[in-house]
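Visitor: Take a look at this one; I'll ask things after.
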Amino acid sequence: MAGPTDMSELHIALDRLRPQVCHCGLKGECLGCKGIEMVRAQAEAVIAAASQPILIQVAQEAAMKDMASRFQGMTERLLNDPEIRRSAEDMQQKLMERVPSPSAELARAFALAAVREMAEETGLLLGVKRDEPPASPGEIWTEFAKARVHPDLGNIHFIARAVTPPRRPRRFDTRFFTADASAIAHRIEGVVGPESELVELTWVPIEQATHLDMPTITGIVLEELAARVEAGMGHGLPVPYYFMIERKFFRELL
């Protein structure tokens, strides 16, 4: 297998080309800027995939297609639950901002993904308990059905969006969410422990948490969370969007 591929010349060429096609003052809003970043992202994806042995490449492609299909099916089945659908509408508008082709399904999928990840990684089920179990598409959602916990997306707060700067080995377009501890309706025992990915869960005040060893963007988002709590934690509060263009960081409000 070949060694790491040097993409620095490509990135330099794209950075030089961008001002020539830009019509938005390098804000990343025009077709030229978006096209340059699309080319950059596609090149990085191709190099990353090509660096794997061919059998792993085939397996990764098949796994991604299967994951996308399964997630779409789970989202559709969950949204057949009228309670989940109603609470999801509170999250919808903010999550669709700055999305080229916004859709209600995408907005709800973001919030449901946050609830799912919380359950899988920590065993904490966010929602409200009712007499009847919610619809379950399988996997971790069966635990919601067993505990009769209906995900309540109205209690999930969208607090920040951040895109990994260009020229990083791996890039993410991340949405950050939070919820009050009162939204925890059930806890699955055994998810957190010595043999798990998370050894223990510890509640730490936000002020103390900002001094812990963590990625820079995580600390920034914690500061945004503290400011949001101070402002009342309303869903209508503006959401910061962090990104980098031409080696300069930008913070815009959605």
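Visitor: When region 116-154 is examined, which residues are found to be in a loop (DSSP other than H, G, I, E, B) and either out of contact with any strand residue (DSSP E or B) (no Cβ under 6 Å at 6 or more places or on another chain) or more than 16 Å from I188 (Cβ to Cβ) (or both)?
Guide: Matches in region 116-154: R130, D131, E132, P133, A135, S136, P137, G138, E139, I140, P151, D152.
Visitor: The conditions are (1) over 16 Å from G28 (Cα atoms); (2) free of Cβ contacts under 8 Å to residues at least 40 places away in the same chain; (3) more than 18 Å from the chain's Cα centre (by Cα), and R228 fails exactly one of them. Which is it?
Guide: Tallying (1) over 16 Å from G28 (Cα atoms); (2) free of Cβ contacts under 8 Å to residues at least 40 places away in the same chain; (3) more than 18 Å from the chain's Cα centre (by Cα), R228 fails exactly one: (2).
Visitor: Considering region 201-210 alone, what residues qualify as being surrounded by 10 or more Cβ atoms within 10 Å (Cβ to Cβ) and either closer than 30 Å to P165 by Cβ or not aliphatic (A, V, I, L, M) (or both)?
Guide: Residues satisfying the conditions are V204, I206, E207, A209, T210.
Visitor: Within region 165-193, count every residue that is of a type in the set (D, E) and surrounded by fewer than 10 Cβ atoms within 10 Å (Cβ to Cβ).
Guide: Number of matching residues: 1.
Listed here are the residues, each with its yes/no results for (1) modelled with pLDDT under 90; (2) surrounded by 14 or more Cβ atoms within 10 Å (Cβ to Cβ); (3) in a loop (DSSP other than H, G, I, E, B).
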site: E195; (1), (2), (3): yes, no, yes
site: V199; (1), (2), (3): yes, no, yes
site: G232; (1), (2), (3): no, no, yes
site: P238; (1), (2), (3): no, no, yes
site: M244; (1), (2), (3): yes, yes, no
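Visitor: Which of the residues belonging to region 148-176 are out of contact with any helix residue (DSSP H, G or I) (no Cβ under 7 Å at 6 or more places or on another chain) and closer than 30 Å to S136 by Cβ?
Guide: Answer for region 148-176, where residues must be out of contact with any helix residue (DSSP H, G or I) (no Cβ under 7 Å at 6 or more places or on another chain) and closer than 30 Å to S136 by Cβ: R148, V149, H157, R161, F172, D173, T174.
Every residue, every condition in (1) among the acidic types (D, E); (2) out of contact with any strand residue (DSSP E or B) (no Cβ under 6 Å at 6 or more places or on another chain); (3) part of a loop (DSSP other than H, G, I, E, B), yes or no:
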residue: I159; (1), (2), (3): no, no, no
residue: F176; (1), (2), (3): no, no, no
residue: S182; (1), (2), (3): no, yes, no
residue: E189; (1), (2), (3): yes, yes, yes
residue: D213; (1), (2), (3): yes, yes, yes
residue: A227; (1), (2), (3): no, yes, no
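Visitor: Just name the residue that is nearest to the chain's Cα centre (by Cα) out of those in region 161-174 that are part of a strand (DSSP E or B) and more than 18 Å from R228 (Cα to Cα).
Guide: Taking the candidates together, the pick is T174.
Visitor: Separate question: Which condition from (1) free of Cβ contacts under 8 Å to residues at least 24 places away in the same chain; (2) hydrophobic (A, V, I, L, M, F, W, C); (3) under 23 Å from V149 (Cβ atoms) is the one that M214 breaks?
Guide: (3)
The values are calculated or read from the model by the stated rules, or taken from the named source; none is laboratory data. None of these values were measured; they are calculated from a predicted model. Here Cβ is always computed from backbone atoms with ideal geometry, including for glycine, and neighbour counts include all displayed protein chains.
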